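Q: Sharing a structure here in structure tokens format.
The values are calculated or read from the model by the stated rules, or taken from the named source; none is laboratory data. Note that the structure is a prediction, hence the values are computed from the model and not measured. Cβ coordinates were reconstructed from backbone atoms using ideal geometry, including for glycine residues, and neighbour counts include every protein chain displayed. Note: accessible area is taken over every heavy atom of the protein model, side chains too, but ligands, DNA and RNA are not part of it. Shrake-Rupley method; radii C 1.70, N 1.55, O 1.52, S 1.80 Å.
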Amino acid sequence: MRLTRREFAHSTLLAAAAAALPAGVFSACSVSSNAARTGGSAARSSLRVPQFDTNFEVTFPRNFYWGTATAAYQIEGAWKEDGKGESIWDRFTHAPGKIKNNDTGDVACDSYHRWREDIALMRAMNLNSYRFSISWPRIQASGSGPANLKGVDYYSRLVDALLEARIRPFVTLYHWDLPQALEDVGGWPNRDTASRFADYVEVMARALGDRVSDWMLFNEPLAFTYQGYLEGSHAPGRKSIIDFLRASHTVNLAQGAGFHALKAVRPSTRVGTAFNMSACEPATDSEEDRLAAERCHTFANLWFLEPALKGRYPKALSFLPETAMRIKAGDFEKMRAPLDFIGINLYYRTIAAAPGAIERLSHTQEWLFPVKMTDGQQGPKTDNGWEVWPRALYDIVTRVSRDFSRPQIEITESGCAYNDPPAVNGAINDTRRIAYHRQYLQALAQAMADGADVRGYHAWSLIDNFEWAEGFSQRFGLAYVDFKTQQRTIKASGRWFAKVAGANRVSPQLT
């Protein structure tokens, strides 16, 4: 249902929603917002068993990609070396009180200098795919203009070394580190940023497209627009419903423009986006809660996917605020991007319930987005409070496969925060992380057996790193990082993952 201009005169009411819209739909390595989500048990969660049988062996297809994922700001450091410009995360982390313990990514894991050590870790883990991101301000300090040759050279050397190690370079073009210069002139709410992004994509396609065949345009567009422009917990720290709506539309335009810019330079490349997704389950069997779960799904999982594949916004909100989003004639066609694959970042599920009539009338949140969302409470919790629920991965993969005519899918992120310290002998026995990946891989294998075309699985993350607003307080890595010395140590989970990748199977015998 489209919003009329008269109806949108009530947009002043929407401003109140900035503090009210649910933060819990955002996943992936976006630790801060999710860790603070309101808990609360659903009235009745799914009766389906969350676990998959791990007592039998599953073999994955030949040429399946086994990988890990990282992001430039979270691991590179070297925040102002070799011509790199300031990013919104450089600015945000240097503002007191924004990040736990006032941590910054100035040094992070020092991967800008230690990337050879990181590739050695990948080889030790038998990986054949590495998902990493390019820092836009390392290529264009101001977000436009000619490429910084030192920045291009860094990624070029990384790509060459990965290929030499027979590891696929799986490149994310934007993983949240917008050049601060572009934020200063409006950031993602500014439509012009879509054109700047397309120009940057063309620069990278020309620089690396002769060697990189698989690209992602964005990482988690819903997360960085919501948490950066509405909730304010992530860079650039704005809190405006209008900014969020406009940023959403600009990113959808940029996704279309970036896709076509990349294809114009390298027509044969595979291009996708890594979407943060969450399986949305109804709190009860009531028709109202089932409808709420469907609305939750359209917002959490389709807000940026459906514009690309179908040239339209899903019916996620009570109405589509076209005026606030500054949607122009022809924009829906510009958003279209027939993605070659769909990247899925998934960690947990969301429980959805319908608000009552009084709640909808008295709370702007329920008027604009009539869904109440809470965490699942039945499964075990990770150290940052996320529910372990492997069924969520099965549900999302099969749902996307069914609803979009069996597209190619890559699991671009899944993982868990467990802060196990080194033992006296230096070993990190993170057995809970092994259990997590074993269960999620069993769920993925079942989805594939049921018809999903999944090409790879990328654990978050290769190494412990800077986890956004949580700083260095949460550890997701298959390898431990001592942030004082930068020494890397493969954890028990990393050794287990190496056996899985080497054998191309998950079995009870692999420990």
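Q: Which of the residues belonging to the range 300-321 are modelled with pLDDT of 95 or more and not in a loop (DSSP other than H, G, I, E, B)?
A: Listed by number, the residues that qualify are Ala300, Asn301, Leu302, Leu305, Glu306, Pro307, Ala308, Leu309, Lys310.
Q: Okay, moving on. Quickly run through the range 326-341 and pick out the residues that are in contact with a helix residue (DSSP H, G or I) (Cβ under 8 Å, 6 or more places away or on another chain) and surrounded by fewer than 23 Cβ atoms within 10 Å (Cβ to Cβ).
A: Answer for the range 326-341, where residues must be in contact with a helix residue (DSSP H, G or I) (Cβ under 8 Å, 6 or more places away or on another chain) and surrounded by fewer than 23 Cβ atoms within 10 Å (Cβ to Cβ): Arg326, Ile327, Asp331, Phe332, Lys334, Arg336, Pro338, Leu339.
Q: Which count do you get for residues in the range 206-222 that are in contact with a helix residue (DSSP H, G or I) (Cβ under 8 Å, 6 or more places away or on another chain) and under 21 Å from Ile344 (Cβ atoms)? Lay out the reasoning, then the answer.
A: Step one: filter the range 206-222 for residues in contact with a helix residue (DSSP H, G or I) (Cβ under 8 Å, 6 or more places away or on another chain), giving 206-209, 211-212, 215, 217-218, 221-222.
From what is left, the residues that are under 21 Å from Ile344 (Cβ atoms) are 212, 215, 217-218, 221-222.
Looking only at that region, the number is 6.
Q: Looking at (1) open to solvent by 10 Å² or more (accessible area, probe 1.4 Å); (2) under 24 Å from Asp453 (Cβ atoms), can you tell me which one Ala300 breaks?
A: Result: Ala300 fails condition (1) only.
Q: Within the range 423-451, work out how many residues are more than 26 Å from Met216 (Cα to Cα), surrounded by fewer than 22 Cβ atoms within 10 Å (Cβ to Cβ) and of a type in the set (S, T, N, Q).
A: Qualifying residue count, the range 423-451: 3.
Q: Please tell me if Gln378 is over 14 Å from Ala292 (Cβ atoms) and either open to solvent by 30 Å² or more (accessible area, probe 1.4 Å) or modelled with pLDDT under 95 (or both).
A: Yes; evaluated as a whole, the condition is true for this residue.
Q: Turning to a different aspect of this structure: When the range 57-77 is examined, which residues are found to be in contact (Cβ under 8 Å) with a residue 12 or more places away in the chain and open to solvent by 30 Å² or more (accessible area, probe 1.4 Å)?
A: Within the range 57-77, Glu57, Thr59, Pro61, Arg62, Tyr65 meet the criteria.
Q: Which of the numbered conditions does Arg206 fail, given that it passes all the others? Conditions: (1) closer than 22 Å to Arg131 by Cβ; (2) surrounded by 22 or more Cβ atoms within 10 Å (Cβ to Cβ).
A: The one condition Arg206 does not meet is (2).
Q: Pairs, please: C-beta under 9 Å, at least 6 apart or cross-chain, first residue within 11 Å of Thr59 (Cα to Cα) and in the range 436-456, second open to solvent by 10 Å² or more (accessible area, probe 1.4 Å) and charged (D, E, K, R)?
A: Correct list of pairs: Gln442/Asp53.
Q: While we're here: Could you list all residues from the range 284-293 that are under 14 Å from Pro355 (Cα atoms) and open to solvent by 20 Å² or more (accessible area, probe 1.4 Å)?
A: Listed by number, the residues that qualify are Thr284, Ser286, Glu287, Glu288, Arg290, Leu291.
Q: From Leu162, Leu127, Leu121, which residue is in contact with a Pro (Cβ under 7 Å, 6 or more places away or on another chain), within 24 Å of Ala274 (Cα to Cα) and touching a residue at least 12 places away in the same chain (Cβ under 8 Å)?
A: Going through Leu162, Leu127, Leu121 in turn, just one is in contact with a Pro (Cβ under 7 Å, 6 or more places away or on another chain), within 24 Å of Ala274 (Cα to Cα) and touching a residue at least 12 places away in the same chain (Cβ under 8 Å): Leu162.
Q: Here are Ile342, Ile327, Ile351: which of them is part of a strand (DSSP E or B) and touching a Leu at 6+ places or on another chain (Cβ under 9 Å)?
A: Only one candidate passes the filter, namely Ile342.
Q: Continuing with the same structure: Here is a check on your reading of the model: is Val454 open to solvent by less than 40 Å² (accessible area, probe 1.4 Å), more than 19 Å from the chain's Cα centre (by Cα) and modelled with pLDDT of 95 or more?
A: no
Q: Quickly run through the range 181-197 and pick out the residues that are surrounded by fewer than 21 Cβ atoms within 10 Å (Cβ to Cβ) and among the aliphatic types (A, V, I, L, M).
A: Just the residues of the range 181-197 that are surrounded by fewer than 21 Cβ atoms within 10 Å (Cβ to Cβ), to begin with: 181, 184-186, 190-192, 195.
Answer for the range 181-197, where residues must be surrounded by fewer than 21 Cβ atoms within 10 Å (Cβ to Cβ) and among the aliphatic types (A, V, I, L, M): Ala181, Val185.
Q: Give the range 418-442 a look and list any residue that's in contact with an Asp or Glu (Cβ under 9 Å, 6 or more places away or on another chain) and under 29 Å from Val271 (Cα atoms), or say none.
A: Gln442
Q: A further question follows. So how many residues does the range 134-180 have that are buried (at least 18 other Cβ atoms within 10 Å of the Cβ), more than 17 Å from Arg196 (Cβ to Cβ) and polar (S, T, N, Q)?
A: 1
Q: Would you please list the contacts, defined by Cβ atoms under 8 Å and residues six or more apart or on different chains, that run from a residue in the range 78-100 that is on the phi > 0 side of the Ramachandran plot to a residue that is open to solvent by less than 70 Å² (accessible area, probe 1.4 Å) and acidic (Asp, Glu)?
A: Correct list of pairs: Ala78/Asp110.
Q: If you go through the range 79-129 one residue at a time, how many are closer than 17 Å to Gly151 by Cα, open to solvent by less than 70 Å² (accessible area, probe 1.4 Å) and hydrophobic (A, V, I, L, M, F, W, C)?
A: Result for the range 79-129: 2.
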